[in-house]
1. Please specify each residue of region 194-203 satisfying the condition of being assigned to a strand (DSSP E or B) and either under 19 Å from Pro57 (Cβ atoms) or not basic (Lys, Arg) (or both).
2. What do you reckon, is Glu484 of a type outside the set (Phe, Trp, Tyr) and surrounded by fewer than 16 Cβ atoms within 10 Å (Cβ to Cβ)?
3. Ile126 - would you say it is in contact (Cβ under 8 Å) with a residue 24 or more places away in the chain and in a helix (DSSP H, G or I)?
4. So Thr412 passes all but one of these: (1) within 22 Å of Tyr192 (Cα to Cα); (2) touching a strand residue (DSSP E or B) at 6+ places or on another chain (Cβ under 8 Å). Which condition number does it fail?
5. Consider only pairs whose beta carbons are under 9 Å apart and that are at least six residues apart or on different chains; among these, list those whose first residue lies in region 249-264 and is free of Cβ contacts under 8 Å to residues at least 24 places away in the same chain and under 15 Å from Leu77 (Cα atoms) and whose second residue is small (Gly, Ala, Ser) and in a strand (DSSP E or B).
Amino acid sequence: MKKKQGSGRFEIHEGPVVKRFPFVHSNTGNIMKKIAVLLLLICSLRASASLNETLPPWHWACPLIADMQTAGLLQDLNQLNQPYTRGDVAVALIDIGSLIKNSKVLLSKGQLERYAKLVREFAPEIQALKTEDDAERLELGGHLIGDMQKDSDKDMKFRGIYRTRIHVPAGRSVTMFNAMNFDQNLVHDDLYMGKKWRGIVGYTEQAYVSARFGRFGMKFGRDFLKWGAGRSGTLIFSDAARPMDHFLGSVTAGPFTFSYLLSRLDDWPLTPRLADSLGGTRARRYVSAHRLDARFFDGRLQCAVTEAVIYGGVNRSPEFSYLNPFIFYHGSQMNEANTANTFGSIDVLWAPANRVQLYASLMIDDIQIEETGPGDLEPDEIGYIIGGRWTPNGSTLISAEYARVTNRTYKTINPWETFMHRNGPLGHPLGNDFDLWQVEAGQWFGPSVRASLSFTQIRKGEGDLFSPFDMPWMDYTVEEGYSEPFPTGIVEKRQIIGLQLRYDASAHWGLHGLFQSTVFDQYQHVENRDETQTFWKLGLWLDGDVIFRLQ
């Protein structure tokens, strides 16, 4: 079998090699009948296609897709560069369907059921790809999450997240999308930036126009972004961050995809001392980034190289050197009079077997090579993630991950160059000065129920993204040297046991539950202060759309 990629579509060419997965369903006739019924269902649908609409990280299909990828399926999707579009997922499902139909891939009963559930969810996009339906539509939708929550000794409370969405697909190539988020959980978040009114807050979570023409893609507006590997978070851009307004362009050539991002972040308020010296009360902030992704061996080996720069200042305008997609940002920063904070990262994901995925990310903020003066004694500012996932039978999943980010990473002496947006990290959700161990075991029961048990240990030092950038090494000579422990200061240690259950009954409703028990040592960095906290929630989610044909 030979697979050819081009213009976002896949062609299957028959050959002597049979690609078989280790989860074999013995009754091939039943599989063929089910696939035939699914294809008949797709061809009979008259629904709306959303080829360029992105799949948000909270969508019920995301963990299902990730688990199937661990089993060696849906490898056509670039796991290191997300979010996926609904069209991307539909193409990958069509590809797997063709392999199943021709007995090139044999699935277990549970895998086939979960594949069928995804086919039903993405049936409008599959239909559009097969029939080239260009009918224009207006979609109005909503998503509700309602949770009963309880923290340790606190009273039980209800917290809701209410999302609205408006989607206008303008033909097959262009999508206009808007989603509002009204989140009661943020009312008690001291770091939330925005208006709080009558126990609820609201903001525009997504608002973009997206287009794809052959191998070229672009997006302008506000949307989620995830670059890199990691389950606890990623090191450059994490989808746990508040979506930022940005321009994103991409071009694909064979196995390579080049991406280019520009964004203006929220302004950074200056202290009175800085305001007096710099002649302004707020500093403007900008981010530029470029990335090269590569996929080999039918997606079993995925890797990427990224460089990003954050810069700004009072009345500072975007600089042409950082607007250039093809320039080396760090080299430009070294040769320019104005300051900036540059990052580089390498991401690798490898599937050595159909049931195993291994991944790693390395991010470098600043490292010292020479030792010519006290400034060269600065500790390295880096982060890395190493992890793996294994599924022994297609329904059971076991994962493990280690993440570490050193103190002062994501920061410089200029506070507006901190890699943050709206008071939250753009990179790993824990910021810096921490390390994390996490192991998890998950089990699927049929196509809709997933249970998981996890253990996480976090060591968090006193360094964070909000504290000033200190330079204690400047008080030492090269001969004396300088070193500091990791993590720094009084280290808070957390041990978290979590039990999670999801029942996604359909594309329109589901139930979920979570229980966590956290044991703290040196809680909030206070010596000999130990504490145990529990948290649980039970919730319901609902989702629905109303579709209007415009022609």
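The values are calculated or read from the model by the stated rules, or taken from the named source; none is laboratory data. Model, not experiment: these values are computed from the prediction. All Cβ positions, glycine included, derive from the backbone under ideal geometry; neighbour counts span all protein chains shown.
1. Trp197, Ile200, Val201, Gly202, Tyr203
2. Working: of a type outside the set (Phe, Trp, Tyr): yes; surrounded by fewer than 16 Cβ atoms within 10 Å (Cβ to Cβ): yes.
It is true that Glu484 is of a type outside the set (Phe, Trp, Tyr) and surrounded by fewer than 16 Cβ atoms within 10 Å (Cβ to Cβ).
3. On the way: in contact (Cβ under 8 Å) with a residue 24 or more places away in the chain: yes; in a helix (DSSP H, G or I): yes.
In short, yes.
4. Checking Thr412 against (1) within 22 Å of Tyr192 (Cα to Cα); (2) touching a strand residue (DSSP E or B) at 6+ places or on another chain (Cβ under 8 Å), the one that fails is (1).
5. That search, which allows pairs on different chains as well, returns nothing.
Conditions (1) surrounded by 15 or more Cβ atoms within 10 Å (Cβ to Cβ); (2) more than 25 Å from Tyr260 (Cβ to Cβ); (3) among the polar types (S, T, N, Q), marked per residue:
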| residue | (1), (2), (3) |
| --- | --- |
| Gln333 | yes, no, yes |
| Phe343 | yes, no, no |
| Leu358 | yes, yes, no |
| Ile367 | no, yes, no |
| Glu370 | no, yes, no |
| Glu401 | yes, yes, no |
| Arg408 | yes, yes, no |
| Ile413 | no, yes, no |
| Phe419 | yes, no, no |
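Listed here are the residues, each with its yes/no results for (1) polar (S, T, N, Q); (2) part of a loop (DSSP other than H, G, I, E, B); (3) more than 23 Å from Phe247 (Cα to Cα).
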position	(1), (2), (3)
Phe158	no, no, yes
Arg165	no, no, no
Pro169	no, no, no
Thr175	yes, no, no
Leu191	no, yes, yes
Glu205	no, no, no
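Each row is one residue, and each column tells you yes or no for (1) more than 24 Å from Asp475 (Cα to Cα); (2) out of contact with any Ser or Thr (no Cβ under 7 Å at 6 or more places or on another chain); (3) part of a loop (DSSP other than H, G, I, E, B).
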residue: Thr306; (1), (2), (3): yes, no, no
residue: Gly312; (1), (2), (3): yes, yes, no
residue: Ser321; (1), (2), (3): yes, no, no
residue: Val348; (1), (2), (3): yes, yes, no
residue: Tyr384; (1), (2), (3): yes, no, no
residue: Pro392; (1), (2), (3): yes, yes, yes
residue: Ala400; (1), (2), (3): yes, yes, no
